Amino acid sequence: MKFLSIAAALAVSNVNAFSVHNGMKKSARPMQSSTSLDGTVNLGIIGGGTVGGGICEILGNKADYLTQLTGSNIEVKSICVRDTAKPRDFTIPEGCTITDDADSIINNDDIDVVVEVMGGTTKAKDVVFNSLSNGKHVVTANKALIADCLGEIESHVFKVNEGKSKEDSIQFKYEAAVCGGIPIINSLQSDYPGDEITQIAGIINGCTNFMLTGMDRDGLSYDESLAEASALGYAEADPTLDVGGFDARSKLKILMRLAYGIDVDEENIPCRGIQELSSIDYDYAKKLGGTIKLLGVSEKVDDKVSGFVSPCFIPGNDSLSSVNDATNAVEISSKNLQRTTYIGQGAGRFPTANSCVNDISSIAKGDKTALPFNPPSDANYVQKYDSVFYLRLKYTDSIGITRQCGEICEKHGVSIHSILQNPITSMASAAFVIVTEKVSNTNIKKVVAELEDLDWVSGPAFWMPVLRPDWV
């Protein structure tokens, strides 16, 4: 197994709002290839918060090296912020103007590259689309925008490049949009053209991984781990996007397009968060010799692709089981390379800014990507997938529990591998776990629904896939 490690500092994410108009200046100067540049690549940054400041710091610290690497001076000419009077926690580059008008950057003929790090999916969309239409390369860290508008972005990039030579093509780059500082986008674009990806499995949300590490390692409850994540800035005031799995789902959608060539509606990707997890589940996970992580998983079998976001049981000898705290990891399984795991910081000022600077450097060097999302394919997306499943039931004492479980599983074609029950210390928290053989998710959902209707089942059942179906 091959590992790539990326170490960097952690910080909070940045979201800003700015004034953006729908009008576009039609006579914009397209940036030419680096071989014909006058020695300078001019940047306009939309967003002067956490990530925007990190970009300025890295560009300042690495200016000489980047000039030698790219053959051009990379200069930040303007930064658009929400409040121009607000003090910044980074040094404003020499000759850089601060504005609250994004159009002054988008319509500026002297700007070659627009870097969008403001966040959101409304005004940011105008920034991205108008910049591309005006002949400017775009670098963005906006996963929500890409996941929501991937097809539109792809069509728009194709439209603005129609009739252009490869050397004059406008580039759309988004390395920072998925897993912050981990170069997973570039790898999927560059490292697998002769290979065939069969599975993606990733810890792709730092907040939830931090929380689950606390529940596993420190014995915290869900509420305690969420409070700690909030206190340290990993969780937003409303943590739903993280704990509900929706942030991970947006990232998985992008990875699936790059890996398999299919654009899946996010709403069609099954998504379950970590809210139902309890310390009981970690007790049983340890008894089974593993742990629980929130994963985004997608698999290709023949011409069918499935995907889901869910808590998953991971055996203790698996590489992903030891990825803790706010660290991210993406494992790519492929026919030629087998398993390749990318590990690093998935968010924060410098990890995210580093990926943005890598994209900027690539543009300055004249690197060209004809298809930013890789070629489309004829693969079909299906919501059905097969796995071994973990099913936890809380119960009140009754006769015939084991028999009824067996009958319901048999009825729906689910074979039971094992039943586990820890010593009962209080009937209020009495629970047992069923581990199945490999079965489809549609069958396990039927079993869960029927079990929950039984009188002795106390509250909703909790179920999750096992990452490696061959584990049992």
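Which one, PHE246, SER221, CYS207, is farthest towards the positive end of the dipole of segment 207-254 when Lys and Arg carry +1 and Asp and Glu -1 on their Cβ?
Going by the charge dipole, the pick is PHE246.
Could you order the peptides 301-310, 136-145 from most to least packed, using the average number of other C-beta atoms within 10 Å per residue?
Ranking the peptides 301-310, 136-145 by packing returns 136-145, 301-310.
Would you work out the charge dipole size for the chain about its Cα centre, treating the Cβ of every Lys and Arg as +1 and the Cβ of every Asp and Glu as -1, and quote it to the nearest 20 debye?
The calculated dipole for the chain is roughly 540 debye.
Relative to the Cα centre, what is the charge dipole magnitude of segment 177-284, using +1 at the beta carbon of each Lys and Arg, -1 at the beta carbon of each Asp and Glu, and rounding to the nearest 20 debye?
Charge dipole, segment 177-284, about its Cα centre: 340 debye, nearest 20.
Quick check: the distance between the Cα centres of segment 37-97 and segment 408-472, to the nearest angstrom?
54
In vacuo Debye scattering of segment 400-471, one point per C-alpha: log10 I(q)/I(0) at q = 0.16, 0.24, 0.25 Å⁻¹?
-0.59, -1.27, -1.36
Would you mind counting up the charge near VAL433? Only other residues with Cβ under 9 Å from its Cβ, with Lys and Arg at +1 and Asp and Glu at -1. Numbers along the way, then the final one.
Values: positive: LYS287, ARG392; negative: ASP281.
Charge balance near VAL433 sits at +1.
Using the Cα centre of segment 333-472 as the reference point, and only Cβ charges (+1 on K/R, -1 on D/E), how large is the resulting charge dipole? Debye, rounded to the nearest 20.
Charge dipole, segment 333-472, about its Cα centre: 560 debye, nearest 20.
Express the accessible area of the chain per residue in Å², computed with a 1.4 Å probe while the remaining protein chains stay in the model.
Computed with neighbouring chains in place, this is 42 Å² per residue.
First select every other residue whose beta carbon is under 13 angstrom from the beta carbon of ASN422; then total the charges, Lys and Arg +1, Asp and Glu -1.
In short, +2.
For the chain, what does the helix formula give at 222 nm: sum of -39500 (n - 2.57) over DSSP H segments with n ≥ 4, over the residue count, nearest 500 deg cm²/dmol?
Counting only the DSSP helices, I get -9500 deg cm²/dmol.
Taking the Cβ of GLU410 as the centre, find all other residues whose Cβ is under 14 Å away and add up their charges (Lys, Arg: +1; Asp, Glu: -1).
On the way: positive: ARG403, LYS411, LYS446; negative: GLU407, GLU437, GLU450.
Charge balance in the 14 Å sphere: 0.
Can you find, among THR327, GLY163, ILE274, the residue farthest towards the positive end of the dipole of the chain? Put +1 on the C-beta of Lys and Arg, -1 on that of Asp and Glu.
The residue sitting most towards the positive pole is GLY163.
With a 10 Å radius around each residue's Cβ, average the other Cβ atoms per peptide and rank 422-435, 72-85, highest first.
Packing proxy ranking, top to bottom: 72-85, 422-435.
Once you put a point 7 Å from the Cα of GLU196 and another 7 Å from the Cα of ALA428, both along the Cβ direction, what distance in nm separates them?
Reported label-point gap for GLU196 and ALA428 is 5.6 nm.
Which residue, chosen from ILE185, ALA141, VAL115, occupies the Cα position most advanced towards the positive end of the dipole of the chain, where the dipole is computed from +1 (Lys, Arg) and -1 (Asp, Glu) charges on Cβ about the Cα centre?
ILE185
Share of segment 363-422's accessible area from carbon and sulfur, percent, 1.4 Å?
Taking all protein chains in place, segment 363-422 shows 47 percent carbon and sulfur surface.
The values are calculated or read from the model by the stated rules, or taken from the named source; none is laboratory data. All values reported here derive from a predicted model rather than from experimental measurement. In this analysis, Cβ positions are derived from the backbone assuming ideal geometry, glycine residues included, and neighbour counts consider all displayed protein chains. What goes into the accessible areas is simple: the full protein's heavy atoms, side chains included, and nothing from ligands, DNA or RNA. Shrake-Rupley method; radii C 1.70, N 1.55, O 1.52, S 1.80 Å.
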